[in-house]
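Participant: After the structure tokens below, expect a handful of questions from me.
Taken together, the values in this text are just the output of simple stated rules run on the coordinates, not laboratory data. Predicted, not measured: the structure shown is a model, and the values here were computed from it. Reconstructed Cβ throughout: ideal geometry from the backbone, glycine too, with neighbour counts over all protein chains shown.
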Amino acid sequence: MLAFIIKRLANAVFVMLSVTFLAFVIFTAVGDPVDQMLNEQATQAQRDDLRERLGLDDPFLVQYAKFVGRAAQGDFGISFRNQQDVLTMIGERFPATFELVLVATLISLVVGVPMGVITAIRRQTWYAEAMQFTSIIGVSLPSFVVGIGLILVFSVWLGWFPAFGRGETVDLGWWTTGLLTPSGRMSIILPALSLSLFQITLVMRLVRAEMLEVLRSDFIKFARSRGIPARSIHFRHALRNCLMPVVTMTAMQIGGLIAFALVTETVFQWPGMGLLFIQAVTFVDVPIMAAYLCIVALIFVALNAIVDMTYAVIDPRLKGADA
Amino acid sequence: MMAQPIAASKEPEAATPALDVSGLSVEFPSRRGTLLAIDDVSMQIAPGEILGVVGESGAGKSITGLAVLGLLESPGRISGGAIHVGGRRVDTLSEKELTKVRGREMGAIFQDPLTALNPLFTVGKQLVETIRLHSGMSKEAANDRALALLQSVGIPAPRERLRQYPHQFSGGMRQRVVIALALAAGPRLIIADEPTTALDVSIQAQITALLRKLCDETGVGIMLVTHDMGVIAETADRVCVMYSGRVVESGPVAEVIHNPQHPYTKGLMAAIPSLHDRVETLAQIDGSMPRLNARPTGCAFHPRCPHAGPKCSAATPPLVSVGVTRSACWLQQGGTQ
Ligand SMILES: Nc1ncnc2c1ncn2[C@@H]1O[C@H](COP(=O)(O)OP(=O)(O)O)[C@@H](O)[C@H]1O
Ligand SMILES: [Mg+2]
């Protein structure tokens, strides 16, 4: 078990080092930050002074080591654009993105799992075929098209939901949530739906494939031979055996959704990290871009570790295996 | 006689066979025509009796068992005959009615104990689920019965074992759990499809001995499917030899082993150097069993038969009594010419 944890940690550290390296290379390659931080009238002395303070004259690897050291403490520097602390800026935007991704994930599970089960156990019915067909559309439509379509139909034509923004939010001190106000809840529906559409399809197809496989297995045949009714076979015995890959994929995809949220947040003007990143790109605000990259990577790596641990909870075979 | 007409016409309880299959046919419709996997198969199993069913791989043993259980996979379907379990006709039941009969009236033991149990539930949970499903017992009563069942199949420390997951059991122990599960609701019939094939040789004999013991104790009838004549010789009361979807010989074990009538059975017996040396396959007879879509006319065995004559390829021999056994061969029915 200890060896497993150490291996797991070493793996995570390696991934994070690679990402920070990439972020750092971008950081340095985009251009001399001194040009962006000082105006044209700055004297050479001022420039040299800033170079000195930023450590830009150090050798490449030393600069990288300093960057990693500061990043590990949450110090990504200040924004080129408005001179604020980058981590604080991202921290302010994080709750919006997180809530969007959370709601999208919930929607994808609540809709996708039953659809997967139904398409697996009622294979020949018209509604199963219809779901299968719709899911193909779900994977092939680009996310921004879906978003714009939803806005057009449900905001512009029907006027049911707001077309952009997060609505009213409540500040809990360490977190701002839109889920506690009616306008916040109304505002999250369209973007979350738009973000989850692809995910619903993924979950549905995964559950369907897993169900079909599990239903062919010996223990299902044996359970049927004992007279266990179909409902229990499907939802107790078979579905539970499909959950492992669903949990894995869902957790892994949360990282993916945060990345995908870039597009959704832009379409819906959702004030999250993604929108911040897109704005940072237009202003070549490198510290924000680098920090965003590192934080999203950290979320990916952390989710991976959580998935591994969740495995052990769902599947009793793994509990004993590495103990 | 005081007996009412209906009661009088009924056979006494003890004589009701655990299983009565008559004229069973199973077909698999496919794009290139319908394949007849089981052709006019009949067999009976009395309560407390073990019927061994032998034959090469592909002979139709498993399909026969699945047809009885109503677990044939589509497109496979019963196309003729009747199946009675404990006197009740089961082949005409709806899936819903079958669900109530399975487990309670008939159960199954399949080949691989490693994959037969749900890996995510404890053994106790699976037992209690099955017991309560058919008896409506309280949780506590079902738990007691689960404990007793594990004891009866020879699992040491059953109280602890109930709380364990299948992966914590060895193969042999898992097959014992499978047997306990099959017996959970006290069925009259158990279809045991190669229950020892996947096990270590050293454990095989223990499992067959357990089946024999349970059969004697509970009066359950067992259809013991195997391609191992040694297992049959040690365990079964009667034996039924299948070839290419048909029964070619059936009778008491001792008689079929020592005085086989059908040339195929003779070949099977000759292939066993000693009945205590297990053989894995029956390939010792030259050639192999025909595929369903290339079944020869007449007796399906005639291309491999040393005694084959013109009649053998012209007409299918019926199963007729020869002494105490029954055999389907023209040799005993006026010659092969
Ligand atoms: N799903 C299926 N479709 C077509 N033929 C099948 C199917 N399942 C089994 N069969 C055929 O039925 C015959 C009997 O198979 P089976 O009962 O499994 O043999 P065994 O005696 O080895 O248990 C075989 O020839 C096999 O090819
Ligand atoms: Mg078989």
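Participant: Within 12 Å, Cβ to Cβ, of B:ALA146, how many net charges do the neighbouring residues add up to if Lys/Arg are +1 and Asp/Glu are -1? Display every interim value, and only then the final one.
Facilitator: Details: positive: B:LYS125, B:ARG132, B:LYS139, B:ARG145, B:ARG159, B:ARG161, B:ARG163; negative: B:GLU129, B:GLU140, B:ASP144.
Once positives and negatives cancel, what remains is +4.
Participant: How much net charge surrounds B:MET43 when only the other residues with a Cβ under 13 Å from the Cβ of B:MET43 are counted, with Lys and Arg +1 and Asp and Glu -1?
Facilitator: Summing Lys and Arg as +1 and Asp and Glu as -1 gives -1.
Participant: A further question follows. Calculate, for A:ALA230 and B:MET137, the FRET efficiency according to 1/(1 + (r/R0)^6) with r their C-beta to C-beta distance and R0 25 Å; round to the nearest 0.05.
Facilitator: Efficiency, from the Cβ-Cβ distance: 0.65.
Participant: Same structure, new question: Let me confirm one metric for peptide A:214-222, namely the mean number of other chain beta-carbon atoms within 10 Å of its residues' beta-carbons.
Facilitator: Average per residue, whole number: 6.
Participant: With contacts defined as alpha carbon pairs under 8 Å and 6 or more residues apart, what's the relative contact order of chain B in percent?
Facilitator: On the way: 658 pairs, mean separation 66.5, N = 337.
In percent, rounded to a whole number, it is 20.
Participant: When ranked by the protection proxy of mean other Cβ atoms within 10 Å per residue, highest first, what sequence do the peptides A:265-278, A:235-248 form? Could you put the intermediate results ahead of the total?
Facilitator: Working: A:265-278: 22.8, A:235-248: 18.8.
Ranked from most to least packed, the peptides come out as A:265-278, A:235-248.
Participant: Next question. Where a ≥ b ≥ c are the square roots of the eigenvalues of the C-alpha gyration tensor, would you call the protein assembly as shown rounded, which needs a/c under 1.5, or, failing that, prolate if a/b is larger than b/c, or oblate?
Facilitator: On the way: a/c = 2.77, a/b = 2.62, b/c = 1.06.
Prolate, because a/c is 1.5 or more and a/b exceeds b/c.
Participant: Among A:173-180, B:259-266, A:117-124, how do they line up by average Cβ neighbours within 10 Å per residue, starting with the highest?
Facilitator: Highest mean packing first, the order is B:259-266, A:117-124, A:173-180.
Participant: Something else about it: Can you compute the modelled spin-label distance between B:ASP200 and B:MET269, with each label point 7 Å from Cα toward Cβ, in nm?
Facilitator: If labels sit at B:ASP200 and B:MET269, their model points lie 3.5 nm apart.
Participant: Give me the Debye-computed log₁₀ of I(q)/I(0) at q = 0.08, 0.10 Å⁻¹ for the range B:19-243, equal point scatterers on Cα only, no solvent, two decimals.
Facilitator: Values returned for q = 0.08, 0.10 Å⁻¹ are -0.28, -0.44.
Participant: Using Cα-Cα distances under 8 Å and only pairs 6 or more residues apart, what relative contact order does chain A have, in percent? Intermediate values should be presented prior to the final figure.
Facilitator: Details: 345 pairs, mean separation 83.3, N = 323.
About 26 percent, as a whole number.
Participant: Between A:VAL170 and A:ILE278, how high is the FRET efficiency from 1/(1 + (r/R0)^6) when r is the Cβ-Cβ distance and R₀ = 30 Å? Nearest 0.05.
Facilitator: After rounding to 0.05, the efficiency reads 0.70.
Participant: Additional query: Is the C-alpha gyration tensor of the range A:65-168 telling us rounded, prolate or oblate? Criteria: a/c under 1.5 is rounded; beyond that, a/b larger than b/c is prolate, otherwise oblate.
Facilitator: prolate
Participant: Sorting B:ASP216, A:ASP218 on the 10 Å Cβ count, fewest up front, what's the list?
Facilitator: B:ASP216, A:ASP218
Participant: So, one more: Taking 0.36 nm per residue of sequence separation and subtracting the Cα-Cα distance, how much length would be gained by fully extending the chain between B:ARG31 and B:HIS258, in nm to one decimal?
Facilitator: Numbers: separation 227, 0.36 × 227 = 81.72 nm, distance 4.41 nm.
So the chain would gain 77.3 nm between B:ARG31 and B:HIS258.
Participant: Something else: Could you pull out every residue, at least 5 positions away or on a different chain, whose amide H is within less than 5 Å of the one on B:CYS329? Hs are placed 1.01 Å off N in the peptide plane, and Pro or chain starts have none.
Facilitator: HN-HN under 5 Å from B:CYS329: B:VAL320.
Participant: Let me ask something else about it. Could you go through the range A:73-87 in sequence order and give the Karplus-derived ³J(HN,Hα) for each residue, using 6.51 cos²θ - 1.76 cosθ + 1.60 with θ = phi - 60°, rounded to whole Hz, and x for Gly and Pro?
Facilitator: 8, x, 9, 9, x, 10, 5, 4, 7, 10, 6, 8, 5, 4, 5
Participant: I need the shape label for the range A:91-279. Rule: rounded when a/c is under 1.5, else prolate if a/b > b/c, else oblate, with a, b, c from the alpha carbon gyration tensor.
Facilitator: Prolate, because a/c is 1.5 or more and a/b exceeds b/c.
Participant: Then there is this: Residues with beta-carbon under 15 Å from that of B:THR325, excluding B:THR325: net charge, scoring Lys, Arg +1 and Asp, Glu -1?
Facilitator: Within the 15 Å Cβ shell, the charges total 0.
Participant: Hey, can you grab everything whose amide H is under 5 Å from the amide H of B:GLY81? Only 5+ residues off in sequence or another chain; H modelled, so Pro and N-termini drop out.
Facilitator: B:SER25
Participant: Okay, next question. Can you tell me the FRET efficiency between B:GLU234 and B:VAL324 if r is taken as the Cβ-Cβ distance and R0 is 30 Å, rounded to the nearest 0.05?
Facilitator: 0.90
Participant: More than 37 Å apart: what percent of Cα pairs in chain A qualify?
Facilitator: Numbers: 16757 of 52003 pairs.
For chain A, the share of Cα pairs beyond 37 Å comes to 32 percent.
Participant: From the convex hull of the Cα coordinates of the range A:171-210, what is the mean projected area in square nanometres?
Facilitator: Averaged projected hull area, Cα only: 4.0 nm².
Participant: What distance in nm separates the two pseudo spin-label positions at B:ALA209 and A:THR177, each 7 Å out from Cα along the beta-carbon direction?
Facilitator: Placing both labels 7 Å along Cα→Cβ, they lie 6.5 nm apart.
Participant: Give a residue-ordered list of calculated ³J(HN,Hα) values for the range B:232-248 (Karplus: 6.51 cos²θ - 1.76 cosθ + 1.60, θ = phi - 60°; whole Hz; x for Gly, Pro).
Facilitator: 4, 4, 7, 10, 7, 8, 10, 9, 10, 9, 10, 9, 6, x, 10, 7, 9
Participant: While we're looking at this one, here's another question. Considering the Cα positions of the range B:127-275, please state its Rg to one decimal place and its Dmax as a whole number of Å.
Facilitator: That works out to 17.7, 56 Å for Rg and Dmax.
Participant: Residues of B:113-122, mean number of Cβ from any other protein chain within 10 Å of their own Cβ, rounded to a whole number?
Facilitator: 6
Participant: Which helices pass in chain B if a helix is a full DSSP H run, must span at least 20 angstrom along its long axis by Cα, and must have mean Kyte-Doolittle hydropathy not below -1.0?
Facilitator: B:201-218
Participant: Take peptides A:41-49, B:303-311 and line them up by average Cβ neighbours within 10 Å, highest first, as a rough protection proxy.
Facilitator: In descending order of packing, they fall as B:303-311, A:41-49.
Participant: Can you compute the modelled spin-label distance between A:ASN11 and A:TYR127, with each label point 7 Å from Cα toward Cβ, in nm?
Facilitator: 4.1 nm
Participant: Considering every residue in A:225-236, what mean count of other chain Cβ atoms within 10 Å of its Cβ is obtained?
Facilitator: That average works out to 6.
Participant: Would you kindly calculate the mean projected area, averaged across all directions, of the convex hull enclosing the Cα atoms of the range A:219-289, in square nanometres?
Facilitator: 6.9 nm²
Participant: Moving on to the next point. What is the magnitude of the charge dipole of chain B about its Cα centre, with +1 placed on the Cβ of each Lys and Arg, -1 on the Cβ of each Asp and Glu, and no other charges, expressed in debye to the nearest 20? Let's see the in-between values first.
Facilitator: Working: 32 positive and 31 negative charges, 134 e Å.
The calculation lands at about 640 debye.
Participant: Also, quick follow-up: Select from B:GLY219, A:PHE21, A:ALA261 the residue farthest towards the positive end of the dipole of the protein assembly as shown; place +1 on Cβ of Lys and Arg, -1 on Cβ of Asp and Glu, and compute about the Cα centre.
Facilitator: B:GLY219
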